[in-house]
Amino acid sequence: MKDLKELTRAEDQVMQILWKLNKAFVKDIIEEMPEPKPAYNTVSTIIRILETKGFVGHKAYGKTHEYFPLISRDKYTKFYLNNMITGYFNGSFNNLVSFFAKENKLSATDLEKLLKEIKPKDHEGDH
């Protein structure tokens, strides 16, 4: 995962659509985008950058290319969150949770619910 790079906002927008569709032509990606729709060449350029970064692969049909994700949404999410925790919270998940607890005015009950949700499921039978 060290080879992964963070996505720009435009790249992330295209990847979100590709993850949703699983595979798509540029025109399919544009169809999923909000108005005002970007130009075909803009999306095509973003896709080529994503290919260079190793996020996207393609299947050629003559001159037309169908694109598909090479990296899962989950893998990128883990990478992104690890980077955020390292960069902004001194590598501490506790600091991250503490920050969100303060910012979102979470109660003790909210935190307990959150901890139950994130507790690994395979440990439930250990009690």
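Quick note: the coordinates plus some simple rules give every number you see, no bench work behind them. Treat the numbers as computed from the prediction; the structure is a model and nothing was measured. For neighbour counting, all protein chains shown are included, and Cβ atoms are generated from backbone atoms with ideal geometry for every residue, glycine included.
Against the conditions (1) among the basic types (Lys, Arg); (2) assigned to a helix (DSSP H, G or I); (3) more than 20 Å from the chain's Cα centre (by Cα), where does residue 48 fall short? Just the number, please.
So the condition that residue 48 fails would be (3).
Scan segment 28-52 for residues that are touching a residue at least 24 places away in the same chain (Cβ under 8 Å) and within 12 Å of residue 68 (Cα to Cα) and report the count.
Residues that pass the stated criteria total 3.
Condition test on residue 37, is it under 20 Å from residue 84 (Cα atoms), assigned to a loop (DSSP other than H, G, I, E, B) and not aliphatic (A, V, I, L, M)? Steps first, please.
Numbers: under 20 Å from residue 84 (Cα atoms): no; assigned to a loop (DSSP other than H, G, I, E, B): yes; not aliphatic (A, V, I, L, M): yes.
No; evaluated as a whole, the condition is false for this residue.
Among the candidates 55, 25, which residue alone is in contact with an Asp or Glu (Cβ under 6 Å, 6 or more places away or on another chain) and either touching a residue at least 24 places away in the same chain (Cβ under 8 Å) or more than 30 Å from residue 118 (Cβ to Cβ) (or both)?
On the way: 55 fails: in contact with an Asp or Glu (Cβ under 6 Å, 6 or more places away or on another chain).
The match here is 25.
Read through the list (1) closer than 30 Å to residue 112 by Cα; (2) surrounded by fewer than 12 Cβ atoms within 10 Å (Cβ to Cβ); (3) of a type in the set (Ser, Thr, Tyr), then give the number of the only condition that residue 76 fails.
Only one criterion is unmet by residue 76, namely (2).
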